[in-house]
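As structure tokens, the structure follows; a few thoughts come after it.
The values are calculated or read from the model by the stated rules, or taken from the named source; none is laboratory data. Given the structure is predicted, the values throughout are model-derived calculations rather than measurements. In this analysis, Cβ positions are derived from the backbone assuming ideal geometry, glycine residues included, and neighbour counts consider all displayed protein chains.
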Amino acid sequence: MKIYRDLSEYTSPKKSFVTIGTFDGVHYGHQKVIQKLINSAKKNNATSVLLTFFPHPRMVLQKDLSIKLINTIDERIVLLEKMGLDALIIQPFTNEFSEYSALDFVKNILINKLNIAKLFIGYDHHFGKNREGNFEQLQAFGNTFNFEVQEISQKDINNNTVSSTKIREAIENGYIEKANSYLGYYFMLTGEVVKGKNLGEKIGFPTANIHINEPYKLIPKTGAYIVKSTINNETVFGMMNIGFRPTVSGKNQTIEIHFFDFNDNLYGKNIQVEVLSFLRNEQKFDSVEALKQQLKLDKEKSLKIISGTFIA
């Protein structure tokens, strides 16, 4: 898959089959749409192209910095690459770009830049300035400019079990297993390992504290989780706490991971953690010793679940 960070970089001698959207989560519904695009492009000797935008349009047009996304843009790239697309175009979304009328978008981007032969769009897709363009308009443009438009039904994108909104709600409420079943993979957190207060090490549970740079990344609800990561080409399991460390009067939210049977120094490294299962809610203990005893129980429970579910 070739990655283009701007429409101006894209070029292809072949006709393109295109889909457009945010595709946050790249969940089962998205995967069905993208697979249809890829299969159809292969049959017709065309280039399969996914056009997405970053930052999210709401961040730019509505200055909505509270929006939370399932994937960072880098996580989304990795997920899309696994699908076998020919080209991914990540167009910077700006106020200037948002001023394209529906007609200009079709002529300047779909026709002149992408050399489009077929467009796959969702049932509720709108495009152009003020979202003025819709499916009927695209069909009319397709007739005029000689490209085909295939609308993907609501059933195919967001059936009774899958939608980005449902996945976000599940993650926010700690229903991580449900979210993972919708995604078709384990929800992930990616960040740099930074120095913490070293309390974990003092009580026998050293932790890797990860800092996530992207403020728009969705973080699960506070609590303890079972996780795994690939470090030095090896799968390492552990338990993660997301929260404010009320037992030691913590003020800022932290993400701390205690890996089982692992002692390497990870400071300064970027790691990706897959969130497997929810363990318990965060709670305040009467003492650090009481916290230590609970962590022992958490580890025991985690190892049982891991051996019975994830490595059986």
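What number of residues within the range 237-284 satisfy the criterion of being among the hydroxyl-bearing types (Ser, Thr, Tyr) and at pLDDT 95 or above?
1
Quick one: in the range 140-181, of everything that is among the hydroxyl-bearing types (Ser, Thr, Tyr) and either in the same structural domain as ILE226 (by TED's automatic domain parsing) or surrounded by fewer than 13 Cβ atoms within 10 Å (Cβ to Cβ) (or both), which residue is modelled with the highest pLDDT?
Checking each candidate, the answer is THR144.
For TYR28, indicate whether it is more than 15 Å from the chain's Cα centre (by Cα) and modelled with pLDDT under 95.
no
Would you check if ILE116 is in contact with a Leu (Cβ under 6 Å, 6 or more places away or on another chain) and either buried (at least 19 other Cβ atoms within 10 Å of the Cβ) or modelled with pLDDT of 90 or more (or both)?
Against the criterion (in contact with a Leu (Cβ under 6 Å, 6 or more places away or on another chain) and either buried (at least 19 other Cβ atoms within 10 Å of the Cβ) or modelled with pLDDT of 90 or more (or both)), ILE116 qualifies.
So ILE67 ticks every box in (1) more than 27 Å from GLU274 (Cα to Cα); (2) modelled with pLDDT under 90; (3) not charged (D, E, K, R) but one. Which box is left unticked?
If we test ILE67 against (1) more than 27 Å from GLU274 (Cα to Cα); (2) modelled with pLDDT under 90; (3) not charged (D, E, K, R), just (1) comes out false.
When ASN143 is evaluated against the numbered criteria (1) in a loop (DSSP other than H, G, I, E, B); (2) more than 22 Å from the chain's Cα centre (by Cα); (3) over 18 Å from ARG280 (Cα atoms); (4) of a type outside the set (A, V, I, L, M), which criterion, by number, is the only one it fails?
Evaluating ASN143 over (1) in a loop (DSSP other than H, G, I, E, B); (2) more than 22 Å from the chain's Cα centre (by Cα); (3) over 18 Å from ARG280 (Cα atoms); (4) of a type outside the set (A, V, I, L, M) leaves (1) as the failure.
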